[in-house]
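S.K.: Got a structure for you, questions after.
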Amino acid sequence: MNAVAAMAMVLMILLSANMGIVGVAAQGVNCYDNCNTGCAGLPSKEYLKCDKKCHKRCGDDDKIDGNIG
C-alpha cells in the first residue's frame, strides 16, 4: 500500500512541475523580446548592434507569436 501512495505522490509532483513549464509558454514570452530588453538604454549604434544580434539569435519569433500584424 505504501508503494502505491509513493507512486501517486511522485506522479503528482511530476505533473505539477510540468504545469509550471506550460504556464510560462502560454504567457507568450518570446526570445526576441527577452533579448531586446537587454539592449534598452544603449547608445544608438550599440543598440542597433545589439538588436541585430537578437534577430540573429532568435530568428523571427515575433512573427510566430503573432506580435507583428
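S.K.: From Asn2, Asn36, which residue is at pLDDT 75 or above, touching a Cys at 6+ places or on another chain (Cβ under 7 Å) and not small (Gly, Ala, Ser)?
M.R.: Asn36
S.K.: Name the single residue, out of those in region 39-69 being at positive phi and exposed (fewer than 10 other Cβ atoms within 10 Å of the Cβ), that is modelled with the lowest pLDDT. Before you say what the answer is, go through the steps one by one.
M.R.: Taking region 39-69 as the starting set, the residues that turn out to be at positive phi are 41, 59, 66.
Among the residues that remain, those that are also exposed (fewer than 10 other Cβ atoms within 10 Å of the Cβ) are: 41, 66.
On the way: Gly41: 90, Gly66: 50.
Checked region 39-69; the qualifying residue modelled with the lowest pLDDT is Gly66.
The values are calculated or read from the model by the stated rules, or taken from the named source; none is laboratory data. If you're wondering where the values come from, they're calculated on a predicted model, not measured in any experiment. FYI the Cβ positions are ideal-geometry reconstructions off the backbone, even for glycines, and counts take in every protein chain you see.
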